[in-house]
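The values are calculated or read from the model by the stated rules, or taken from the named source; none is laboratory data. Computed from a predicted model, the values in this text were never measured in an experiment. FYI the Cβ positions are ideal-geometry reconstructions off the backbone, even for glycines, and counts take in every protein chain you see.
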Amino acid sequence: MMTQVDLLIAASGLVALVILAGAALYGWTQWLALKRRELDLRRPLPEFENGSREGMARIEIADLKERIRKLEAIASGVDL
C-alpha cells in the first residue's frame, strides 16, 4: 500500500514539474517575441538607414565651419 502512495506522489510531482516547465517555456518565448518587436521598432526604415549623401555632406560642412570658427576664436583670444 505504501508504494502506491509513493508512486502517486512521485507522478504528481512529475506532472507539476512538466506543467511549470511548459509555462516557463511559454513565458520565455513570449518575452523573446516582445524583445524582437522592440528591436524592430527601434530599427530605422530602409530609406532612412543611410540617409542622403547631400544631407550628410551639409552636416559635415557645418561641423567643419563650426570647428574653424572655434579655432579662429581661440587664435584671437576670445572666450566662447
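Some points to look at:
- Test result for A75, in a helix (DSSP H, G or I) and modelled with pLDDT under 95: yes
Table: residues versus (1) in contact with an Asp or Glu (Cβ under 6 Å, 6 or more places away or on another chain); (2) at pLDDT 90 or above; (3) part of a helix (DSSP H, G or I).
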| position | (1), (2), (3) |
| --- | --- |
| A24 | no, yes, yes |
| K35 | no, yes, yes |
| D40 | no, no, yes |
| P44 | no, no, no |
| M56 | no, no, yes |
| I59 | no, no, yes |
| L80 | no, no, no |
